Amino acid sequence: MRAIVIDDARGVRALLRRMLALEGFEVEACITGADALTLIGGHAVAPAPTFALATVDLGLADTDGVHLVQAILEISPATQVLVVTGHSTSSFVPAVLRAGAFDVLYKPFDRVALQDALRRVGLIE
């Protein structure tokens, strides 16, 4: 399975890449929403979704997480989208869930929290 990590923080990208690789994912990473949509869109012609998982930082410089979740799911509806954020308020949670994200992880998080989220949607056992 493949995953895409979309986060503008180098440390978070590296951490998610390592954690997801330990769960058996092949991982690609992007800094901006525009780069992510280009990458995801380039794979959208495959019969099965190329990216089983997309992790989306809520506060990217070029877009907000809600719009990015919607755009990812328009291109690749079968991709599971997990929002990752450092925002301490939960006021955005209903909006990202309505947009199609399956869950929200708050930074800092650990591998167990990530595993729990992935198990809930059947991406790992």
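The values are calculated or read from the model by the stated rules, or taken from the named source; none is laboratory data. Everything numeric in this text was worked out from a predicted model, so none of it was measured. With ideal geometry, Cβ positions are generated from the backbone for all residues, glycine too; neighbour counts draw on all protein chains shown.
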#### Entry: Qualifying residue in the stretch 8-19 (condition: buried (at least 21 other Cβ atoms within 10 Å of the Cβ), in contact with a Gly (Cβ under 6 Å, 6 or more places away or on another chain) and of a type in the set (A, V, I, L, M))
no
### Query
Can you name every residue in the stretch 71-92 that is more than 10 Å from the chain's Cα centre (by Cα) and either under 11 Å from residue 33 (Cβ atoms) or modelled with pLDDT under 90 (or both)?
71, 85, 86, 87, 88, 89, 90, 91, 92
### Message
For the condition closer than 22 Å to residue 119 by Cβ, at pLDDT below 95, surrounded by fewer than 20 Cβ atoms within 10 Å (Cβ to Cβ) and among the small types (Gly, Ala, Ser), what is the one hit in 48, 61, 95?
### Response
48
### Message
Residue under question is residue 60, and the condition is that it be in contact with a Ser or Thr (Cβ under 9 Å, 6 or more places away or on another chain) and of a type in the set (A, V, I, L, M, F, W, C); does it hold?
### Response
yes
### Scan of the stretch 98-124 for residues that are surrounded by fewer than 16 Cβ atoms within 10 Å (Cβ to Cβ), outside any loop (DSSP other than H, G, I, E, B) and aliphatic (A, V, I, L, M), ordered by number
112, 113
#### Entry: Tabulated pairs, the stretch 1-15, first over 14 Å from residue 33 (Cβ atoms), second among the hydroxyl-bearing types (Ser, Thr, Tyr) and part of a loop (DSSP other than H, G, I, E, B), C-beta under 7 angstrom, 6+ apart or interchain
2/50
### Summary
With the first residue restricted to the stretch 105-125 and required to be closer than 16 Å to residue 81 by Cα, and the second required to be surrounded by fewer than 13 Cβ atoms within 10 Å (Cβ to Cβ) and modelled with pLDDT of 95 or more, Cβ contacts under 9 Å at 6 or more apart or on different chains are 124/24
